[in-house]
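Please read the structure below before turning to the comments.
Just so you know, all these numbers are worked out from the coordinates, no wet-lab data involved. Fair warning: this is a prediction, and the values are worked out from it, not measured in the lab. As a convention, Cβ positions derive from the backbone with ideal geometry for all residues, glycine included, and neighbour counts pool all protein chains shown.
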Amino acid sequence: MIRPRGPPLESSRPDFVYSAQELADMIASIHQFKESGLLCPDDGDGFVFGAVKVMDNGEPGKMNDVGGTCIGTGIDIDDTLRALGFDTLLTAGGVDGGCCQRDNLDTIDHLCHHLSGALTVVAGGGLRCHNLGRATKLLTTYGAEAVWFHTAAVKVADDVVTEELDTEELDNLIAILRQTTQP
């Protein structure tokens, strides 16, 4: 993921809202990554980035291009994203909570239905063993190429998120996915 920093410390500021300098840093990172020779699109390599822009009406809009093209709920998302060269949409389904929160999961379900065959939807944000079951039952009906799941699967120590992979959590997530997706 191309991101100049982690989430903000103050809870009043929304995540994925960046300054002009941070956006410029993201663009530079993308160019550096592409020029490094490490990116191999034929092997499925790519990068993701995300940003949220607060629109004039105060509502957040998803920004899909660091140049400023915003997608609101009334715009044809699949045509706009494909025109910009995207083939995948990573989303938590809403501004508050993770991808397995009821309203957000309903939004992701709607996106999967609407974008089926046009874009792959990656459901992410707060995905853990305790909340994966409902999401897989609802979203795996669209097929492996239509929806993927994303998790950081990192350890939390004393209510602080670490950078250390939680292998037990990851193993359990994989087991749940295997159980849910097998005939």
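A few comments on the model shown:
- Cα-projected label distance for residue 167 with residue 79, points at 7 Å along beta-carbon direction, nm: 5.0 nm
- Estimated FRET transfer efficiency (residue 140, residue 31; beta-carbon r; R0 45 Å; 0.05): 0.80
- Under the Karplus curve 6.51 cos²θ - 1.76 cosθ + 1.60, θ = phi - 60°, whole-Hz ³J(HN,Hα) for the range 108-114, x wherever Gly or Pro sits: 5, 4, 4, 4, 4, 5, 5
- Figure legend: label point modelled 7 angstrom from the Cα of residue 154 along Cα→Cβ; residues of the range 81-112 with amide N under 20 Å from it are 90-93, 96-100.
- Amide H contacts for residue 89 (H built 1.01 Å from N in the peptide plane; partners 5 or more residues away or on another chain; cut-off under 5 Å): 120, 121, 122.
- Among the GluC sites (Glu not before Pro) within the range 104-183, those in coil by DSSP and having at most 12 neighbouring Cβ atoms inside 10 Å are 145.
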